[in-house]
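S.K.: Input: one structure, supplied below.
The values are calculated or read from the model by the stated rules, or taken from the named source; none is laboratory data. All figures in this text were calculated on a predicted structure; none of them were measured in a lab. Don't worry about glycine lacking a Cβ; one is built from the backbone with ideal geometry, like all the others, and counts go over all protein chains shown. Just so you know, the surface numbers come from the protein's heavy atoms only, side chains and all, with ligands and any DNA or RNA stripped out. Shrake-Rupley method; radii C 1.70, N 1.55, O 1.52, S 1.80 Å.
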Amino acid sequence: MTSELDEKLIAAKEKWAREKRHQSGPQGDSAAVEAAAKLAARPAPGEGPTKNRLPPGQHKTDGWPVLDLGMKPFVPLKDWSFTVTGLVETPVTWSWEDFQAQPQVEIKADIHCVTSWSMFNGVWGGVSAKHFLSVVKPKPEAKFLLFRSYDSYTTNVPLARFDDDDVMLAHRWNGQPIDRDHGGPMRPIIPKLYFWKSAKWVRSVAFLAEDQPGYWEVRGYHNDADPWKEERYSGD
Ligand SMILES: Nc1nc2c(c(=O)[nH]1)N[C@H]1C(S)=C(S)[C@@H](COP(=O)(O)O)O[C@H]1N2
Ligand SMILES: [Mo]
C-alpha cells in the first residue's frame, strides 16, 4: 500500500514529466548534428575521464539515492523466485538456489538516473544477460521484455537492448548483497538506459512480440530511455 505522501510524490513526478515533455519542441538540424556528435564521442563503460562519461544534463553523485513508489517489499530468499514467461523455449522458474547455481560474473558500470544523478564505477555481481538468454532461449518472435516486481512496478525493454555485454541480473553491489532499499534480492541492471529501466525486487519477466510500456513509460517517461540521447520524457 502506498501512503498519501507517496501518491503526492508520484503525482508530482507525473506532472514534471508532462511539463518537460511540452518544453521540448521539434529539433532543428544543428541539434541533431550535436546529438550525433555527443553519441560518437561516448566512451566505453568504465573507461575514460569522468567528464566524458557523464551524459548530457547529468551530475556525478558519490552516494546512491533511493527512489521507488514508497513501498519496499521484503522478500526472504526462501520465498524468492524468478519466473520467465512468454515467447521462450525454456520458461524457467528459478528459486534462489537455482539462480545462485548459474555462472556468476562481475561487471563494472556507470548508472544514470533520470532525476539527473549518475553513479560511477559500481561493481555489480550476478548472472549475465547473455547467460540468462542462453538458458531460456527466446523464440524468434520475441522482441520485447516486460519486467514485473514484487511492488507491482513494471518496466519494458527491447530484447536488443537487454541482450548486451554489460546487462545482468544482479544480486550484489560492490561486494555486498544488494540491500532491500536498492531492490534486493535481485534486480536487472541495464547501464546503458536510465535507471528506472532497472527494476528493483524483480519477480518475473515476460518475453513479448509487442512492446508493452511499463509503470513510468505510461506516465510520461520516454519509452527508450537512452541517457546519451537524453530520452527522459516522452517527446524528448
Ligand atoms: N520495483 C521497482 N523498481 C524500481 C522503481 C520502483 O518504484 N519499483 N523505481 C525505479 C526508478 S524511477 C529508479 S530511479 C530506480 C532507483 O533505484 P535506487 O533506489 O536503487 O537508486 O529504480 C527503479 N526501479
Ligand atoms: Mo527514477
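S.K.: Report the semi-axes of the equivalent ellipsoid for the stretch 152-224 in whole Å, largest first, where each axis is √(5λ) for an eigenvalue λ of the Cα gyration tensor. Don't jump to the answer; show the numbers that get you there.
M.R.: On the way: eigenvalues 87, 39, 25 Å².
That gives 21, 14, 11 Å for the three semi-axes.
S.K.: Under the classification rounded if a/c is under 1.5, otherwise prolate if a/b is larger than b/c and oblate if not, where does the stretch 122-187 fall, given a ≥ b ≥ c as square roots of the Cα gyration tensor eigenvalues?
M.R.: Oblate shape, in that a/c is at least 1.5 and b/c is the bigger or equal ratio.
S.K.: Students often forget the sequence filter, so: which aspartates and glutamates lie under 16 Å Cα-Cα from residue 15 once same-chain residues fewer than 8 apart are removed?
M.R.: Straight-line reach from residue 15, under 16 Å: 6, 7, 217, 236.
S.K.: For the stretch 81-153, which trypsin sites (Lys or Arg not before Pro) pass both filters: DSSP loop (anything but H, G, I, E, B) and at most 16 other C-beta atoms within 10 Å?
M.R.: On the way: sites: 108, 130, 143, 148; in loops: 143.
Answer in residue order: 143.
S.K.: Using a ≥ b ≥ c from the Cα gyration tensor of the stretch 110-236 (square roots of the eigenvalues), is it rounded, prolate or oblate, where a/c under 1.5 gives rounded and otherwise the larger of a/b and b/c decides, a/b for prolate?
M.R.: Note, shape of the stretch 110-236 comes out rounded.
S.K.: How much length would be gained if the chain were fully extended between residue 176 and residue 134, taking 0.36 nm per residue of separation minus their Cα-Cα distance, in nm to one decimal?
M.R.: Length difference between fully extended and current span is 12.5 nm.
S.K.: What percentage of the solvent-accessible surface of the stretch 61-172, computed with a 1.4 Å probe over protein heavy atoms, is contributed by carbon and sulfur atoms?
M.R.: The nonpolar share, carbon plus sulfur, comes to 54 percent.
S.K.: Could you list, in their original order, any pairs among 78/139; 13/60; 78/137; 108/143; 78/192; 143/197 whose Cα atoms are separated by more than 23 Å?
M.R.: The answer is 78/139; 78/137; 108/143; 78/192.
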